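Engineer: Here it is, the structure, as structure tokens.
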Amino acid sequence: MRAPADGYTLLLVTAANAINTSLYEKLSFNLSRDIAPVASITRVPDVMVANLSVLSRTVPEFIAYAKANPGKLTMASGGVGTPSHLEGERFKTMTGVDTLLVPYRGVAPALTDLLGGQVQVTFTSMPSVIEYLRAGRLRALAVTTATRSETPPSIPTMGEFLPGFEASQWYGVGAPKNTPPQIIDKLNKEINAGLADPKLKARLADLGGTVLPGSPADFGKHIAEETEKWGKAIRAANIKVE
């Protein structure tokens, strides 16, 4: 935010930035005001994954089992206010299941305990678990995006069972607010040219992602929409950082 506005210092903007706008009451900056959107890069689905000890193979089966065993299933998250936490809260609200949400200090320790069976299920990004899914070490129940992921396309969307459930991890580039428009336009042009490269598109697809080309205005609109969406979720669940 305080870096020289010359195009050489950039911010990797993620869903966490949009969430933090509402999660933290006393931030020293305002994302929409202090960061100039440059370009979006990619969207990757989050996926609801379960330890193999969970016999449920579909979301409806998991919901039925959780309701028959209230309070006995544990759902890990990467920490309070993270996308995995908010998605878990939304899942509980939309289904009425009683599962214990367990916040970890990051995704890595949460996945370690999920693989070990200390927790039963979590929401996390596709790239973080895709190799475990391919190796058969975890079971995918649903992706959180509105449409199915290309990798692998066999996993249903959560919206197929819970209409209106949609979330994703996304990444883009921002610059200090006073960066000259011609520099932002040049950066946007070069980023979009990179996203058009077949090798890059293939690599992102291999991780379950899709490219998100667009203008600075497109990315700014996306940030605003995500900030509003997650703000509503945070207020509805009364989530606070302690």
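The values are calculated or read from the model by the stated rules, or taken from the named source; none is laboratory data. Since the structure is predicted, the reported quantities are computational estimates derived from the model, not experimental observations. Cβ coordinates were reconstructed from backbone atoms using ideal geometry, including for glycine residues, and neighbour counts include every protein chain displayed. Heads up: the accessible areas ignore ligands, DNA and RNA and are worked out on the full protein's heavy atoms, side chains in. Shrake-Rupley method; radii C 1.70, N 1.55, O 1.52, S 1.80 Å.
Engineer: Just give me the residues in the stretch 18-52 being open to solvent by 40 Å² or more (accessible area, probe 1.4 Å) and either touching an Asp or Glu at 6+ places or on another chain (Cβ under 6 Å) or part of a loop (DSSP other than H, G, I, E, B) (or both), in sequence order.
Structural biologist: Within the stretch 18-52, TYR24, GLU25, LYS26, LEU27, SER28, PHE29, ASN30, LEU52 meet the criteria.
Engineer: Just checking, which of SER56, SER84, SER77, SER28 is touching a residue at least 60 places away in the same chain (Cβ under 8 Å) and among the hydroxyl-bearing types (Ser, Thr, Tyr)?
Structural biologist: SER56
Engineer: Conditions first: (1) open to solvent by 60 Å² or more (accessible area, probe 1.4 Å); (2) part of a helix (DSSP H, G or I); (3) not charged (D, E, K, R). ILE183 passes all but one, so which condition is the exception?
Structural biologist: Every condition holds for ILE183 apart from (1).
Engineer: Answer yes if at least one residue in the stretch 7-17 is under 24 Å from the mean Cα position of the chain (by Cα), of a type in the set (Ser, Thr, Tyr) and part of a strand (DSSP E or B), and no otherwise.
Structural biologist: Scanning the stretch 7-17 turns up at least one residue that is under 24 Å from the mean Cα position of the chain (by Cα), of a type in the set (Ser, Thr, Tyr) and part of a strand (DSSP E or B).
Engineer: Give me the pairs: first residue in the stretch 139-151 and touching a residue at least 12 places away in the same chain (Cβ under 8 Å) and among the polar types (S, T, N, Q), second residue part of a loop (DSSP other than H, G, I, E, B) and open to solvent by less than 40 Å² (accessible area, probe 1.4 Å), beta-carbon distance under 8 Å, and six or more apart or on different chains, which are they?
Structural biologist: THR144/PHE165; THR144/ALA167; THR145/ALA167; SER149/ILE155; SER149/GLY208; THR151/GLY208
Engineer: Could you check, for the stretch 130-137, whether at least one of its residues is free of Cβ contacts under 8 Å to residues at least 60 places away in the same chain, in a helix (DSSP H, G or I) and surrounded by 21 or more Cβ atoms within 10 Å (Cβ to Cβ)?
Structural biologist: No, the stretch 130-137 contains no residue that is free of Cβ contacts under 8 Å to residues at least 60 places away in the same chain, in a helix (DSSP H, G or I) and surrounded by 21 or more Cβ atoms within 10 Å (Cβ to Cβ).
Engineer: Now for a different question. Determine if the stretch 155-175 includes at least one residue that is more than 17 Å from the chain's Cα centre (by Cα), part of a strand (DSSP E or B) and either within 18 Å of LEU12 (Cβ to Cβ) or at pLDDT below 95 (or both).
Structural biologist: yes
Engineer: Also: Mind checking which residues of the stretch 99-123 are open to solvent by 10 Å² or more (accessible area, probe 1.4 Å) and outside any loop (DSSP other than H, G, I, E, B)?
Structural biologist: Hits for the stretch 99-123 are LEU100, LEU101, VAL102, PRO103, VAL107, ALA108, PRO109, LEU111, THR112, ASP113, LEU115, GLY116.
Engineer: Out of LYS201, LYS232, which single residue is closer than 22 Å to ASP46 by Cα, surrounded by fewer than 20 Cβ atoms within 10 Å (Cβ to Cβ) and in contact with a strand residue (DSSP E or B) (Cβ under 6 Å, 6 or more places away or on another chain)?
Structural biologist: Selected residue: LYS201, the only one of LYS201, LYS232 that is closer than 22 Å to ASP46 by Cα, surrounded by fewer than 20 Cβ atoms within 10 Å (Cβ to Cβ) and in contact with a strand residue (DSSP E or B) (Cβ under 6 Å, 6 or more places away or on another chain).
Engineer: Next up: Against the condition among the hydroxyl-bearing types (Ser, Thr, Tyr), under 18 Å from ILE239 (Cβ atoms) and within 16 Å of the chain's Cα centre (by Cα), how does THR145 come out, does it pass?
Structural biologist: No: the conditions fail for THR145.
Engineer: If you scan the stretch 138-156, which residues turn out to be closer than 19 Å to LEU204 by Cα and open to solvent by less than 20 Å² (accessible area, probe 1.4 Å)?
Structural biologist: VAL143, THR144, THR145, SER149, ILE155
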